[in-house]
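In what follows, a structure is listed as structure tokens, so that the remarks can point back to it.
The values are calculated or read from the model by the stated rules, or taken from the named source; none is laboratory data. It should be emphasised that the depicted structure is a prediction, and the values quoted were computed from it without experimental measurement. Cβ coordinates were reconstructed from backbone atoms using ideal geometry, including for glycine residues, and neighbour counts include every protein chain displayed. In case anyone asks, the SASA skips ligands and DNA or RNA and just uses the protein heavy atoms, side chains included. Shrake-Rupley method; radii C 1.70, N 1.55, O 1.52, S 1.80 Å.
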Amino acid sequence: MTMLGQSGDPMHPQVRPPNFLRFLSMACLLLAGCANQPRTPPPRSLLLLISVDGLRTHDVTPQLLPNVSRLAADGVRAIDGMRPSYPSLTFPNHYTLVTGLRPDHHGIIQNTMHDTVLGDFKVSDEKAVSDSRWWGGEPVWVSVEKAGLHSATMYWPGSQAAITGVRPSQWRPYDKSTSANARADTVNAWLEEPAATRPAFVTLYFDEVDEAEHDHGPGSPEAVDALHEVDAAIGRVIDTLRARGQLDHTNIVLVSDHGFAKVPKGQVVIVEDVVSKAEAKAVSLGQVPEFAPNPGFEAVSERKLLGRHDHFECWKKDALPARWHYGSNPRIPPIVCQMDEGWDMIARSSADKRASEGDRGSHGFDPALPSMRATFVARGPAFTRGATLPVFDNVDVYPLLMRLLGLKPRPNDGDAHTFDRVLQPR
Ligand code: AMP
Ligand code: ZN
Ligand code: ZN
């Protein structure tokens, strides 16, 4: 864990060094009439955090994503992508991006999980996702609100819950049916508000690419259509910012939560062929199946599950590979399995449906795999034009966001210096 000192963002009047203020007032006294003029603070820069769920870094090309590619050309890009945290699933990684904490430390250890006090969590359960007791740490928008600034979230996992009692000034309950353009237009409206209510930090989330790539595979015509749709919506925001003269005062950080791998038809393991329901409860399936042996069935469950199998491997939670930084959280069941790239574990009850489908796509595979690399692109007054970054861990994004906002980061798992060489000198 690292703790950063207060960043001295010159765009923030409240963090200006006092000797600078003294110099300003002295200069004013020397200029006739100046003392009667109200001091106009320079425009504060905005921070817009965009997530394109599942966007593979090598899909950022002028053909597939012209607007995102232009952002990268005018700013900074992680040329070989960004390493997601374990497990490479949507909720754990989105919440890592805004807290700088590994899933093991922030508590959203899976998309589907169980807590002995809170019960079951799944992403489609509005009551669970809105319950702050699931969400550890302090996401960026909460710190922004506590600093007396405004934040606004056009979706982000966690933004529906009053974490430490605080919600964004503006937020929306997640509605998958809201079009990409409608999401963009909401953000455009927020950024047009008068300075007193205009948010300093805004999130914008798109799920279209993730959905198309699950159903048809990455690189499919459907995935290409989704990439075009999302890129057009992002272009709508950029064009509006430019037309209003706000673009050069806006830092845009565009990320994804993970990459994507092909799951060829037929590449499934049926859970009941591995361990029976009577022996162990499968708390989650998919690419990171997790099991809680039933009382009295611990030994048989371990014998059947632990170790290497065709297409997957399982460990006790305290013996997982150290590079995953995963296994200490009480919400993680006793046995964790990892599917090999391109394989899914499903229940027998889903087998007929799956057999009727063609090639698919998935994520949740080992974050070290090149296919799981996420996207990182950033543009704005804080960033050097045309700079590139080598691969880094997604926990490093949080200290960057806090630095861009001029706020002190909370203790976190990220490296505060990853971006030093691509940021403009202050
Ligand atoms: P997965 O791809 O399985 O890791 O999870 C992605 C799912 O999470 C998609 O079905 C999204 O529609 C859904 N999702 C994304 N953001 C939210 C949110 N803020 N609240 C509820 N569901 C969400
Ligand atoms: Zn995702
Ligand atoms: Zn997904």
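Ligands, DNA and RNA left out, the 1.4 Å accessible surface of the chain is 54% carbon and sulfur atoms. If Lys and Arg each add +1 and Asp and Glu each add -1, what is the summed charge of the other residues whose beta carbon sits under 12 Å from the beta carbon of Ser276? Residues close to Ser276 contribute a combined charge of +1.
Ranking Asp53, Asp366, Asp125 from most to least accessible surface, computed with a 1.4 Å probe over the protein chains only, gives Asp125, Asp366, Asp53. Values of log10 I(q)/I(0) for the chain across q = 0.08, 0.11, 0.13 Å⁻¹ run -0.46, -0.83, -1.13, by the Debye formula with one identical scatterer at each alpha carbon and no solvent. In this model, which of Lys176/Lys262; Lys265/Lys316; Lys277/Lys316 are farther than 28 Å apart at the alpha-carbon? Pairs exceeding the cut-off: Lys265/Lys316. Of the residues Leu241, Val230, Leu254, the one whose Cα sits farthest toward the positive end of the charge dipole of the range 219-259, with +1 on the Cβ of Lys and Arg and -1 on the Cβ of Asp and Glu, is Leu241.
Each Cα pair under 8 Å and six or more residues apart adds its separation to the average, and for the range 268-358 the resulting relative contact order is 37 percent. Dipole magnitude for the chain: about 1680 debye, using +1 per Lys or Arg Cβ and -1 per Asp or Glu Cβ, origin at the Cα centre. For the chain, the membrane-span-like helices by this rule, meaning whole DSSP H stretches whose C-alpha atoms cover at least 15 Å of axis and whose Kyte-Doolittle mean is -0.5 or above, are 18-30, 180-191, 221-243; this says nothing about an actual membrane. For His417, the solvent-accessible surface with a 1.4 Å probe is about 120 Å², rounded to the nearest 10.
Each Lys and Arg Cβ is given +1 and each Asp and Glu Cβ -1; about its Cα centre, the range 268-358 then shows a dipole of about 280 debye. Across the range 126-250, the mean sequence separation of Cα contacts (distance under 8 Å, 6 or more residues apart), normalised by length, yields a relative contact order of 23 percent. Positive contributions from Lys and Arg (+1) and negative ones from Asp and Glu (-1), summed over other residues with Cβ under 12 Å from the Cβ of Ala368, come out at 0. Taking other residues whose beta carbon is less than 10 angstrom from the beta carbon of Glu290, and scoring Lys, Arg as +1 and Asp, Glu as -1, yields +3. Based on DSSP H segments of at least four residues, each scored -39500 (n - 2.57), the chain has a per-residue ellipticity at 222 nm of -7500 deg cm²/dmol.
By the rule of a C-alpha distance below 19 Å, with chain neighbours fewer than 8 residues away ignored, the aspartates and glutamates paired with Lys353 are Glu211, Glu213, Asp215, Glu272, Asp273, Asp344. Only lysines eight or more places from Lys146 in sequence, or on another chain, were considered; those with a Cα closer than 20 Å are Lys408. Normalised by the number of residues in the range 370-426, the average gap of Cα pairs under 8 Å and 6 or more apart makes the relative contact order 41 percent.
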